[in-house]
Amino acid sequence: MQTRTLGQDAVRLARLARLQEPHIAPLTAYVDRIRKTTDPHEPYWAPYFDPDSGGLAAQVLLLMESPGPQVSQTGFVSLDNPDGTAENLSMLLRLAGLSRSKILMWNSFPWQLSAERVVMPTDENLEEAAQYTLELLSLLPALKAVVLVGSRAARGWQHVRNPPALTVLNCPHPSPVNFGPKPGAAALALSVLGQARTLIGQQKSALSDADYKTIA
């Protein structure tokens, strides 16, 4: 399977051209709206949802922590971003049998804090963003589960007041920095994503040997 494809200009431009497709247009409008809520003097910028995801029909929300540096190059929260975290997560979803058409990726703190390095959102950041997470949940009528990807995502969820009744799962962050020193983290993440697949009743498809690429 191909990963990191949004590093290619042709792929990125084709994806941008799809932002008004019916399954993603209301989410594009949501991003445009939260961009306008930020102080123009602050370096906050929010990427778009990926049209290759389930969009409004998503049954599983993968709630990450905050946009990483590569998002500045692509403009998307996507499994196809040219970085190790996106690649690992893409592999894990494939191994778990959870289809892209069933998921939506987003961040607990949706604005990028730095285009040059990874900056973790503070508790104050996460509290600030919680109202926008709640608004997003209201836009996803088919949603059944939220997977909190990483400890900061889990902390951010604590600030979301009165969320709808959904199954909430905690998943280790799939960054190479996290998986490298923690040999059991990838297996745990795979198990959690498998639980999400079972929850929505999706049948697991057969995998080829090529799918079992090392996750690191």
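The values are calculated or read from the model by the stated rules, or taken from the named source; none is laboratory data. What you are looking at is a predicted structure, and each value in this text was computed from that prediction instead of being measured. Here the Cβ is made from the backbone with ideal geometry for all residues, glycine too, and neighbour counts use every protein chain on show.
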Q) Does segment 3-39 hold any residues that are within 15 Å of VAL77 (Cα to Cα), at pLDDT below 95 and surrounded by fewer than 17 Cβ atoms within 10 Å (Cβ to Cβ), and which are they? A) GLY7, ASP32, ARG35
Q: Looking at (1) over 23 Å from SER108 (Cα atoms); (2) at pLDDT 95 or above; (3) surrounded by 15 or more Cβ atoms within 10 Å (Cβ to Cβ), find the lone condition where GLY54 falls short.
A: (1)
Q. Restricted to segment 161-216, and to residues that are part of a loop (DSSP other than H, G, I, E, B) and among the charged types (D, E, K, R), which residue is modelled with the lowest pLDDT?
A. LYS213
(Q) Step by step: first the residues of segment 152-177, then only those that are out of contact with any helix residue (DSSP H, G or I) (no Cβ under 7 Å at 6 or more places or on another chain) and small (Gly, Ala, Ser), then the one that is farthest from LEU62 (Cα to Cα). Which residue is that? (A) ALA165
Q.
Condition (residue is among the aromatic types (Phe, Trp, Tyr) and not in a helix (DSSP H, G or I)) applied to segment 110-118: is it met by at least one residue?
A. yes
**Q.** In segment 133-161, the residues that are surrounded by fewer than 21 Cβ atoms within 10 Å (Cβ to Cβ), among the basic types (Lys, Arg) and in contact (Cβ under 8 Å) with a residue 60 or more places away in the chain
**A.** LYS144
